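This report concerns only the one structure given below.
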Amino acid sequence: MNIKQKPLSGVVSLKDMARYSLTGDYIFHGSPVKLEPGVDYLLPHRALCERVERLYLGCLAAGVRFALVRGWGSDQMYGSDFYVFADKKYRLVIYSGYSMGTQWHNLPVDKAAYLYAVSRKDLDTDIEVAGCAYKKLPIAARAMINQETLADAGFLFAVEKSRSTMYWWGVKNTDDVIAHNVIPLLSMVEKRNQR
């Protein structure tokens, strides 16, 4: 299947959404709320201290991280429970062992969050890693996110036991940076146990 020819639509696997992310044709949003592609829209909202309604969107890694923070994180204000890298070669979820427990990636699935893809054609501006939209946007596709779908999509898991995942903010999401600056600093990178 040539992913450049067939548009992303409907309910898809996280693995397929990760493949489509490489085309650059889509931008992503993560949420614990289940919406229907082709029916529902992503709507901008106003934060408590803001005057403008906005909708946060980003690359695949940003969308997955937002879904994880909103779905499982205890630090909703700063989002320090999860950080996600996702590039052509590496896919990695780093999470706080302090707030999530060291075995979060192996826990039985008890809930899900969702990753939404929006076609770049529907945006007014060019959003790269992370940015804002100020209008409602149609949903092209939805994928489920939980410990199993992440593992099926090729994500590995790393636990931060002694520092916040905020340590990784600002680190470029490229294969070279992940290989030379991220992986060597992690004490343990694990796969989910297959049950």
Failed criterion for Y95 (all others in (1) in contact (Cβ under 8 Å) with a residue 12 or more places away in the chain; (2) closer than 19 Å to D81 by Cα; (3) open to solvent by 80 Å² or more (accessible area, probe 1.4 Å) hold): (3)
query: So which pairs qualify, if the first residue must be in region 98-122 and over 19 Å from D25 (Cβ atoms) and in contact (Cβ under 8 Å) with a residue 12 or more places away in the chain, the second must be open to solvent by 50 Å² or more (accessible area, probe 1.4 Å) and in a helix (DSSP H, G or I), the Cβ gap must be under 6 Å, and the two must be at least 6 apart or on different chains?
result: V109/E148
- request: Looking only at region 1-60, count how many residues are within 19 Å of K121 (Cα to Cα), among the small types (G, A, S) and open to solvent by 40 Å² or more (accessible area, probe 1.4 Å).
  value: 2
query: What residue, of D110, D126, D81, is modelled with pLDDT of 90 or more and loosely packed, with under 14 Cβ neighbours inside 10 Å?
result: D110
- request: Scan region 173-188 and give yes if some residue there is surrounded by fewer than 20 Cβ atoms within 10 Å (Cβ to Cβ) and assigned to a strand (DSSP E or B), otherwise no.
  value: no
- line: Across region 77-103, the tally of residues that are assigned to a loop (DSSP other than H, G, I, E, B), within 15 Å of the chain's Cα centre (by Cα) and either over 19 Å from K15 (Cα atoms) or among the β-branched types (V, I, T) (or both) stands at 3
- prompt: Right, G63: crowded, with 23+ Cβ neighbours inside 10 Å, in a strand (DSSP E or B) and in contact with a Phe, Trp or Tyr (Cβ under 8 Å, 6 or more places away or on another chain) or not?
  reply: no
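The values are calculated or read from the model by the stated rules, or taken from the named source; none is laboratory data. Note that the structure is a prediction, hence the values are computed from the model and not measured. FYI the Cβ positions are ideal-geometry reconstructions off the backbone, even for glycines, and counts take in every protein chain you see. Heads up: the accessible areas ignore ligands, DNA and RNA and are worked out on the full protein's heavy atoms, side chains in. Shrake-Rupley method; radii C 1.70, N 1.55, O 1.52, S 1.80 Å.
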